[in-house]
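Chemist: Before I ask anything, let me first share the structure, which is written out below as structure tokens.
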Amino acid sequence: MSDSSSTEALLTILRALVARLSPGERLPSSRELISRHGVGPVTVSRAIALLAAEGAVVTRPGSGTYVAPRRVRPPAGGPDTSWQAVALAGREYDPAGEDGTAEQPADGAVAMAGGYLHESLRPTRALGAALARAARRPDAWHRAPTAGLAPLRAVFARTAGGSVGPEDVLVTGGGQGALSMLFRAVAAPGSPVLVESPTYPGALAAARAAGLRPVPVPMDQDGIRPDLLAEAFAMTGARLLYCQPTFHNPTGTVLAPERRGQVVDVARAAGAFLIEDDFARHLGHGRPVPRPLVADDRDGTVVHLTSLTKPASPSLRIGAVIARGPVMRRLRGMRLVDDFFIARPLQEAAVELLSNPAWDRHLRTLAVALRERSALLAGALALEAPEWTPARLPEGGLHLWVGLPPGQDDRAAAEAARAHGVAVDAGGRYFPAEAEGSYLRLGFAAAATPADLTEGARRLGDAARELGSVVRPG
């Protein structure tokens, strides 16, 4: 009998055996199959390989061959991608890190979810003019430097202040990609990373994707607690802290002046890096914004992250990392591995935008609009849903962090809000571990008009009253 006919004969036998066994059951060993069916080891290897390619079995080196999970038959004519469940095993993905903007609100719903400005609040005309001017530059389509265009790096350095210079700046493709790069560059897989609790879920997702273990450090009304931060460093041996000292997402907290130096000192004493996510620097509501931590750091403890995406447009994927010492050399090396450089036309457009007086006018107008919207939503919520209490009226940022009554579930509240035509973010996904209460994050910048916020609060009041009849005991 030829090798091919022997293989086909054995395949027929094994397919029938697999059909009788349950998923996870072990097939006879290669030695047993050789003895039982009078075939050679090459024939057995070929048959097993073909079964594995069909998705019928899973081979585990050193353990044996096992029946694979049964595939669900796909719709007629549709693709069958069920094999990917096996191929992706062990590569966890945390959908809780998604920003929530991918799922568009239903028609007629009031948008209070997600983290971007409504188009009416964006500098659309200034962006278009900047892009047009950038496209006319003779070198607009030349390769950009790895670290970014010198004029753009200079702007980011001036914004940071202190002794930060252009040589300390690496231009990035927005904030989220930079955050992912930082986690991969600074900490080894399996390491702990300390984070505020609650915190930005995109940071939790990026940390976990890098193989890191987020460890919560409690906050109070003045921000992260330095005493508990020092204790967390001592207990975990962590060498990395991720925090948002200015207009924290989701709470809106600003780290108190007396704590800003303390937090950096605690990280420095632990021999750790502090990633300062300064995403909201341009989202103040009119009052002076505190200097970034990196401005007063001379030892390279603080790695600063900022972005133009939030105050301008989701598609202006331009940000910057500010770092000093070997970590910057590592980040530049990772840039060469990841994507070489950031597209020059977009960088040129950012330079044009930031150097034009229209940008400063936009930021002043935006500050007024955000302050008015924040106060309007907080006031309307106090009238319509008084038991849903904002933690504070923030001085910057895009959200209210709203506490729910004891016993009320945040996911149930978010679903009730959605059923009443308001898209909100459930608070549970902002906590790296167990939540210390139930919260909703309500955005006041994604709605089309201030009137929509008033209507949204009215609908939230209906949802709150509906939930009030089913509140579980605390």
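We did not get these values from a lab; they are worked out from the coordinates using the rules stated. All values derive from a computational prediction rather than experimental measurement. Cβ sites come from the backbone with ideal geometry, for glycine too, and all protein chains shown count toward neighbours.
Chemist: Quote the Stokes-Einstein diffusion coefficient, in whole µm² s⁻¹, for the stretch 117-258, based on the Kirkwood radius over alpha carbon pairs, a temperature of 25 °C and a viscosity of 0.890 mPa s.
Modeler: 137
Chemist: Return a whole-number percent for the relative contact order of the stretch 128-356, with Cα pairs under 8 Å and 6 or more residues apart as the contact set.
Modeler: RCO, the stretch 128-356: 30 percent.
Chemist: Could you please state, rounded to a whole Å, how far the C-alpha centre of the stretch 110-168 is from the C-alpha centre of the stretch 372-396?
Modeler: Taking the Cα centre of each part, the stretch 110-168 and the stretch 372-396 sit 32 Å apart.
Chemist: Taking neighbour counts of Cβ atoms within 10 Å as a proxy for exposure, in what order, fewest first, do Ser374, Ser355 appear?
Modeler: In increasing order of surrounding Cβ atoms, one gets Ser355, Ser374.
Chemist: To the nearest Å, what is the center-to-center distance of the stretch 1-68 and the stretch 228-283, using C-alpha atoms only?
Modeler: Using only Cα atoms, the two centres lie 56 Å from each other.
Chemist: Once phi is turned into θ = phi - 60°, what whole-Hz ³J(HN,Hα) does the Karplus curve with 6.51, -1.76 and 1.60 give for every residue of the stretch 125-136, x standing for Gly and Pro?
Modeler: Those phi angles translate into 5, 5, 5, x, 5, 5, 5, 5, 5, 5, 5, 7 Hz.
Chemist: Return the whole-Å distance between the Cα centroid of the stretch 169-205 and the Cα centroid of the stretch 404-451.
Modeler: 24
Chemist: Then there is this: Rounded, prolate or oblate, given the Cα gyration tensor of the stretch 334-428, with a/c below 1.5 counting as rounded?
Modeler: In terms of gyration-tensor shape, oblate.
Chemist: Moving to a separate point now. What is the sum of charges around Asp277, taking Lys and Arg as +1, Asp and Glu as -1, for the other residues whose C-beta is under 13 Å from the C-beta of Asp277?
Modeler: It works out to a net charge of -1.
Chemist: Given contacts defined as C-alpha pairs under 8 Å and at least six residues apart, what's the relative contact order of the chain, whole-number percent?
Modeler: Worked out over the chain, it gives 19 percent.
Chemist: Moving on to the next point. Name the longest site-free stretch of the chain, where the excluded sites are chymotrypsin sites (Phe, Trp or Tyr not before Pro) in a DSSP loop with no more than 15 other beta-carbon atoms within 10 Å.
Modeler: On the way: sites that count: Trp83, Tyr93, Trp141, Phe340.
The answer is 142-339.
Chemist: Something else about it: Considering the Cα positions of the chain, please state its Rg to one decimal place and its Dmax as a whole number of Å.
Modeler: Gyration radius and largest Cα-Cα distance of the chain: 27.3, 87 Å.
Chemist: Then there's this: Take the Cβ-Cβ distance between Ala132 and Asp338 as r, set R0 to 25 Å, and report the resulting FRET efficiency rounded to the nearest 0.05.
Modeler: 0.30
Chemist: Hey, could you pull the Cα Rg and Dmax for the stretch 128-356, both in Å?
Modeler: 17.2, 56
Chemist: Sorted from fewest to most neighbouring beta carbons within 10 Å, what does the list Asp227, Asp339, Asp462, Asp425 look like?
Modeler: Sorted ascending by nearby Cβ count, the order is Asp227, Asp339, Asp462, Asp425.
Chemist: By how many degrees, 0 to 90 and rounded to 10, does the Cα axis of helix 175-186 deviate from the longest principal axis of the chain?
Modeler: In the chain, helix 175-186 runs at an angle near 60 degrees to the longest axis.
Chemist: Explain nothing, just compute: Karplus ³J(HN,Hα) = 6.51 cos²θ - 1.76 cosθ + 1.60, θ = phi - 60°, for every residue of the stretch 238-250 in order, whole Hz, x for Gly and Pro.
Modeler: 4, 10, 7, 10, 10, 8, 10, x, 10, 6, 3, 9, x
Chemist: Let me know the charge dipole size of the chain about its Cα centre in debye, to the nearest 20, where only the beta-carbon of Lys, Arg (+1) and Asp, Glu (-1) is charged.
Modeler: 1260
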